[in-house]
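The values are calculated or read from the model by the stated rules, or taken from the named source; none is laboratory data. None of these values were measured; they are calculated from a predicted model. Backbone-built Cβ (ideal geometry, glycine too); neighbour counts: all protein chains shown.
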Amino acid sequence: MRFIRKTNYHQDIQIFKHDGQIFWYTCLMLILLSFPFFLSDFYLGELALIFIYAIAGIGLMLLTGYTGLVSLGHAAFLGIGAYTHSYFLGLGIPFVFSLSISVLFSSLIGTLLAIPALRVTGIYLAVATLAFSIIVEQILSHWVSVTGGYRGMLVPDPSIGNLSLKPNTTFYFVCLIFVSSSVLISLNILRSPLGRAMTAVRDSEISAQSMGINLARTKTIAFAISAGFTGLAGGLLAHKIGYLAPDSFNLLISIQLLLMVVVGGLGSLHGAIYGAIFIGFLPQALALLRDNLPEKFAQIPGLEPGIFGLILVAVLIYEPLGIYGRWLKIRSFFEEFPLYRRSTHKRQRNFLKTERLR
Amino acid sequence: MSFLALEVLLELTQLLISGVSQGCVYGLIASGFVLIYKATEMVNFAQGDLMMFGAFLAYAFISIFNFPFALGLVAAVLAMAGIGALIERFAIRPMIGEPHFSVLMITIGLGFIFRALAGFIWGSEPKSLETPYAGKFFDFDGLIIGIENIVIVLGTLALCSALAFFFKTTSLGKAMQAASQNQLAAMYVGISVKKINSITWAIAAAISAVAGILIAPVSLIDPQIGFIGVKAFAAAIVGGFGSLPGAIIGGLIIGIGEQFAGLYLPPGFSEVTAYAILLTMLLIRPHGILTSVQIKKM
Amino acid sequence: MTILELKNASVSFGGVKAIENVSFSMEEGEVLSIVGPNGAGKTTLFNLISKIYDLDSGSIIFDDIELISTPPHEIAKLGIARTFQNTELFEHESVLNNLLIGSHVHAKTNLLHELFFLRKARDQELIFRKNAENIIDLLDLQSYRNTKIVSLPFGIRKLVEIGRALCLEPKLVLLDEPSSGLNPEETEDLVFQIEDIKEELAISILMIEHDMNLVSKASDRVIALADGKVLTIGKSQEVQEHPEVIKAYLG
């Protein structure tokens, strides 16, 4: 157990709470920076993909984990980001501007989605976002002049000036920069009034309101920021997949994003990152699984989503706090050893109180 | 009446009929959603996949094990009821007291599992369910009504009246309603909430099996047909979540709307009709047409 | 000076008149208690003042401002804070963060400041924290500062909720049964805390309370409410002896 003696309020609002954290995060950063010197191209590519997932995960975490608004349609923002970015790159607009445009455009669409979403909560909201993503998918399929329709769209190669960002090493650094700034920005949000307003809306709308928090404004901003992050991830993802088709951003991807934040651990930024690592390595693990399974099992058409489903169910039943929650338990086991009691982390259940009046 | 007007009228009626029968299927799946929501305040996103699984079971009983048609149907419905109860026992009961969102996610996961399972057992090739009435139709002077469509409508009507009867008159039905409003209070007055929940899930799964069997002759069965569950979900919300008649009405609106959009609007619109109707509904009347619930303010 | 005034306030839910022609006014710096049997409409009255429900007829005037067209989240900005009967705290947050939410109405930063945590956001956070620490000292919450609400006993939660309301630096605070769930000693402390709030922070208090001991010790005047109507208003002793009040309680 670590006790921190605080002597001024600055310590409360610092990003790093103690020297230990500074040490470990510096180490992490150094390791990440050194990867390109000894890892193979393939693994750098995979890591860049994990960074991209992490950005999208942070976006969804801010909305679902912190504001309590469930979105089953976040793949749509990924798609909007990817298509907008490729379209403007194709027009000859420089990489940075085109990426900024796609972030802003995704935020704008997120704000628009918030209009119907503000009027509903919980499950209604989940379905509204789902409906939204299906509509976006249809628009992407049929707006041929911009998106190429079902034929798809080739993503132009990224470059800044004469520097091509296409090689895996360079792209790795690009993604690293974006993911670190995303983490920083979301940490800033979480330690400022907006972040507190978001958690307040999540935990009790009624008292948030009586504390002077404008529910509509907070939710709209949450949607906009979340969509912005996801749009950024989409723009980067476009280069990773190289060729955009409308069904690259379907319901399955939305569920995958949601799986990411749930498995990682709702309500923590760590969770978003852990979830991204998990999702990033899952295909490899599944490929290994397929190789080692008997022919009949390996050929099941829906094997991957099926295993997603299985993991989702298992995590929700056995470890609702996700990987991050498990990590906290393991850590406190060692910190408090040998005094650790299982009941410290006992789950609190609240019995169903109806949300309805008859 | 001129010949042209007659032609148009004929076309409209034809569309209306296929819309109604499609809408009935949406409505049936939607009523499964509503049933579970009413009794447990949980939302079962796997309803469409249960429908798919039910249709496959009927196919297995009738076309593979050569059961007589009626017996095969009954067997499929009963088997689905059993599966529903099992789902409740092993995936939903551990979640009592957890946020609704978690339960929603679990059912999404279950949907994927069922799809993979169906793909594993029956493959991804579309299958057709052999029915005694397949391909037969009535021809009223050019107006063609398939018997499948009539069966769908009649089946829906019969099932809805049975459900209404069940909730209005039987004590089990009333106990289910009580449990939905306050689980703890229901427990105190001696209602076994666990039993009620598993019965609810069994009934909902059985309903979805019926929907699957009704739709099977019209569209082929493959592991992906469960996706119409999403449209059915839209139907449930449009009708007013928590209202059984609302679910059917919502289903009809979406079914008919889709048919007309398919004919009169550019391609792609038919696919999004359900969701466009849903979003519009959320904008103008967020709690649906027949609202039986009011959300508490505190 | 009058801080809060209700004139013929009425509201009904599905034909049931929850509040009927309620009129009273409250002076600045006053502690006014509302008593009455269950279902008298006390909490409804609070919900009307904090605009969670809209009035059917009548008016509510706070600090010379008519509240009819004020949206619920503007109420806090005008200077009304409240607590809830069964507490409505942000359960997955620490006590400190809950108190900081109270300062939300004083936030002057825009999105840009917050996204990049510019100097303005930083300075503002420091002020908010100082403010929260003052309230922590006032209510003796030091040892719970970083504890999450879910692991706190009910009595402490009630106190945190009062603290959160005070962080808003309101002119008027509405306390919904502050003593429920407290043990006798804690209730005894509450009398002094209410006095501190009134004297040190110069905040007027409108509270719903069942504990007549607390009511008579802490409040300047008492309103008796039954079936949505005001029975009488006056000094605690007078109200308790009022025949109608006795009738309302004993049926």
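Of note:
- Within segment B:272-292, no residue satisfies the criterion of being under 16 Å from B:S18 (Cα atoms) and surrounded by fewer than 22 Cβ atoms within 10 Å (Cβ to Cβ).
- The set of residues in segment A:131-145 that are surrounded by fewer than 22 Cβ atoms within 10 Å (Cβ to Cβ) and either within 7 Å of chain B (Cβ to nearest Cβ) or in contact with a Gly (Cβ under 7 Å, 6 or more places away or on another chain) (or both) comprises A:I135, A:Q138, A:S141, A:H142.
- For segment C:115-228, the helices (runs of 4 or more DSSP H) that sit wholly inside it and include 1 or more residues that are within 14 Å of chain A (Cβ to nearest Cβ) are C:119-138, C:154-167.
- Segments classed as helices (runs of 4 or more DSSP H), wholly inside segment A:196-306, with at least 1 members that are over 30 Å from C:L172 (Cβ atoms) and polar (S, T, N, Q): A:215-241, A:251-264, A:269-292
- Any hit, segment B:260-282, residues being of a type in the set (D, E), at pLDDT 85 or above, assigned to a helix (DSSP H, G or I) and closer than 25 Å to A:S141 by Cα: no
- So B:V193, is it within 22 Å of B:G27 (Cβ to Cβ) and either surrounded by 18 or more Cβ atoms within 10 Å (Cβ to Cβ) or touching a residue at least 12 places away in the same chain (Cβ under 8 Å) (or both): no
- Condition met for A:L125 (at the interface with chain B (Cβ under 10 Å from one of its Cβ atoms), closer than 15 Å to A:F249 by Cβ and either surrounded by fewer than 21 Cβ atoms within 10 Å (Cβ to Cβ) or in contact (Cβ under 8 Å) with a residue 24 or more places away in the chain (or both)): no
- One residue from C:G234, C:G251 being of a type in the set (G, A, S), surrounded by fewer than 17 Cβ atoms within 10 Å (Cβ to Cβ), assigned by TED's automatic domain parsing to the domain that holds C:A40 and modelled with pLDDT under 90: C:G251
- So A:I253, is it in contact (Cβ under 8 Å) with a residue 24 or more places away in the chain and under 23 Å from A:L125 (Cα atoms): yes
- Screening B:D141 with (1) modelled with pLDDT under 80; (2) among the acidic types (D, E); (3) surrounded by 15 or more Cβ atoms within 10 Å (Cβ to Cβ) gives one miss only, at (3).
- Failed criterion for B:M187 (all others in (1) farther than 21 Å from B:G250 by Cβ; (2) touching a residue at least 40 places away in the same chain (Cβ under 8 Å) hold): (2)
- Scanning segment C:28-43 for any residue that is part of a helix (DSSP H, G or I) and assigned by TED's automatic domain parsing to the domain that holds C:D227 turns up at least one such residue.
- All of (1) surrounded by 23 or more Cβ atoms within 10 Å (Cβ to Cβ); (2) at pLDDT 85 or above; (3) assigned to a helix (DSSP H, G or I) hold for B:L71 with one exception: (1).
- All of C:E66, C:E28 fail the test of being away from chain A (no Cβ under 14 Å), in contact (Cβ under 8 Å) with a residue 12 or more places away in the chain and of a type outside the set (K, R), apart from C:E28.
- Options A:S192, A:S204, A:S210: the member that is in contact with a Pro (Cβ under 8 Å, 6 or more places away or on another chain) and within 28 Å of C:T83 (Cα to Cα): A:S210
- If the condition is being charged (D, E, K, R), more than 7 Å from chain A (Cβ to nearest Cβ) and outside any helix (DSSP H, G or I), then segment B:87-118 contributes no residue at all.
- A:S181 being assigned to a helix (DSSP H, G or I) and surrounded by 15 or more Cβ atoms within 10 Å (Cβ to Cβ): no
- The residue that is nearest to the other protein chains (Cβ to nearest Cβ), among those in segment C:105-114 that are part of a helix (DSSP H, G or I) and of a type outside the set (V, I, T), is C:E114.
- Those helices (runs of 4 or more DSSP H) lying entirely in segment B:126-242 with at least 1 residues away from chain A (no Cβ under 14 Å): B:147-169, B:171-181, B:193-215
- Pairs are defined by a Cβ separation below 6 Å, a sequence spacing of at least 6 or placement on different chains, a first member in segment B:67-91 that is free of Cβ contacts under 8 Å to residues at least 12 places away in the same chain, and a second member that is of a type outside the set (A, V, I, L, M, F, W, C); no pair meets this definition.
- Segment C:56-73 - residue that is touching a Leu at 6+ places or on another chain (Cβ under 9 Å) and surrounded by fewer than 19 Cβ atoms within 10 Å (Cβ to Cβ) and, of those, nearest to A:A216 (Cα to Cα): C:T70
- In this structure, B:G246 does not satisfy being in contact (Cβ under 8 Å) with a residue 60 or more places away in the chain, within 12 Å of chain A (Cβ to nearest Cβ), in a helix (DSSP H, G or I) and buried (at least 24 other Cβ atoms within 10 Å of the Cβ).
- Tally, over segment A:110-122, of residues that are surrounded by fewer than 22 Cβ atoms within 10 Å (Cβ to Cβ) and modelled with pLDDT of 90 or more: 2
- Check on B:A186, within 20 Å of B:L35 (Cα to Cα) and either at pLDDT below 80 or more than 20 Å from the chain's Cα centre (by Cα) (or both): yes
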